[in-house]
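J.: Pasting a structure here, questions to come.
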Amino acid sequence: MSTATETTYGMPRIGDVAPDFTATTTHGPLSFHKWKGDSWALLFSHPADFTPVCTTELCEFARRAAEFGAKKVKLIGLSIDSVHSHLAWRENIREKMGVSIDYPLIADLDMAVARRYGMIHPGEGSTVTVRAVFLIDPKNTIRALVYYPLNTGRNIDELMRLVDALQTADGNAVACPVNWKKGDKVIVPPPRTEQEVADRKVMKGIEMIDFYLSKKSL
Ligand code: BEZ
């Protein structure tokens, strides 16, 4: 049984506080904000246990868990399945694929969390969650939402890139351009006055393409 706290009306959006909830998980009962603490969290839903695409996704999240952990990102999965089903699937994955799913899986049988987070898209199915991802920052703000349909697995490299981009942008007051990856140049906020434009033109280490587009290496 899950309970989800209403903090905003409708589906959560970027910039909203991630709704808090309590839930039954493979790690026992869990209160989301308390479990998350001041880490980042990547809350993801999958359509159903013992299904092929979901299995590949869960395995890849598990293989990359240490990398997410090094970036202070806690992983947590969810589907509308029982905790017994989650535990049996987890054991099957360990036996057949040699992968240990060590992050918690939420058993959202009453769909309370799925509904609150807008993870059920009736056009895709009214009793399953789509492949949703919520990337939540240390202050519990939703920073990115990603939705994939039932028949296409997510790209974990892209989710890792999203974490890198948000953390880099936050830590350096910059933005990340198209196809940016860690180590690439970042975008510097545009100057706001003519003097700042003049200063920017002679600034060392900044590539100024025009007044509104400057890049630099970190
Ligand atoms: C899958 O994970 O393979 C899957 C799950 C639900 C619907 C279609 C595919």
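J.: Return the total of residues in the stretch 83-95 being of a type outside the set (Lys, Arg) and touching a residue at least 60 places away in the same chain (Cβ under 8 Å). Lay out the reasoning, then the answer.
T.: Keep residues of the stretch 83-95 that are of a type outside the set (Lys, Arg), which gives 83-89, 91-93, 95.
Retained after the next criterion (residues that are touching a residue at least 60 places away in the same chain (Cβ under 8 Å)): 86-87.
Residues flagged as of a type outside the set (Lys, Arg) and touching a residue at least 60 places away in the same chain (Cβ under 8 Å) within the stretch 83-95 amount to 2.
J.: Are any residues in the stretch 58-82 surrounded by 19 or more Cβ atoms within 10 Å (Cβ to Cβ) and touching a residue at least 40 places away in the same chain (Cβ under 8 Å), and if so, which ones?
T.: Leu58, Phe61, Ala62, Phe68, Val73, Ile76, Leu78, Ser79, Ile80
J.: Select from the stretch 47-58 the residues that are in a loop (DSSP other than H, G, I, E, B) and more than 7 Å from the ligand (Cβ to nearest atom) and write down the one among them that is nearest to Asn140 (Cα to Cα).
T.: Asp49
J.: Quick one: Ile209 ticks every box in (1) assigned to a strand (DSSP E or B); (2) closer than 27 Å to Ala41 by Cα; (3) out of contact with any strand residue (DSSP E or B) (no Cβ under 6 Å at 6 or more places or on another chain) except a single one, so which number is it?
T.: Result: Ile209 fails condition (2) only.
J.: Taking Ala66 as meeting all but one of (1) under 24 Å from Ile14 (Cβ atoms); (2) more than 16 Å from the ligand (Cβ to nearest atom); (3) not in a strand (DSSP E or B), write down the number of the exception.
T.: Exception for Ala66: condition (1).
J.: Scan the stretch 44-53 and tell me whether some residue there is among the polar types (S, T, N, Q), in the same structural domain as Thr26 (by TED's automatic domain parsing) and within 15 Å of the chain's Cα centre (by Cα).
T.: yes
J.: Also, I was wondering about something else. Mind checking which residues of the stretch 115-136 are within 23 Å of Thr26 (Cα to Cα) and away from the ligand (no atom under 14 Å from the Cβ)?
T.: Within the stretch 115-136, Arg115, Arg116, Tyr117, Gly118, Val133, Phe134, Leu135, Ile136 qualify.
J.: Let me confirm something: among Thr168, Thr141, which residue is more than 16 Å from the ligand (Cβ to nearest atom), β-branched (Val, Ile, Thr) and more than 12 Å from the chain's Cα centre (by Cα)?
T.: None of the others qualify; the one that does is Thr168.
J.: For the stretch 141-168, name all the residues that are farther than 17 Å from Thr55 by Cβ and either of a type in the set (Ser, Thr, Tyr) or in contact with a His (Cβ under 6 Å, 6 or more places away or on another chain) (or both).
T.: Thr141, Tyr147, Thr168
J.: Okay, next question. Any idea how many residues of the stretch 32-50 are under 13 Å from Leu105 (Cα atoms) and of a type in the set (D, E, K, R)?
T.: 1
J.: OK, next. Select from the stretch 138-169 the residues that are in contact with a strand residue (DSSP E or B) (Cβ under 9 Å, 6 or more places away or on another chain) and of a type in the set (Asp, Glu) and list them in ascending order.
T.: Glu158
The values are calculated or read from the model by the stated rules, or taken from the named source; none is laboratory data. Bear in mind the structure is a predicted one, so any value in this text is a computation, not a measurement. Note that we place each Cβ from the backbone using ideal geometry, even for glycine, and neighbour counts take in every protein chain shown.
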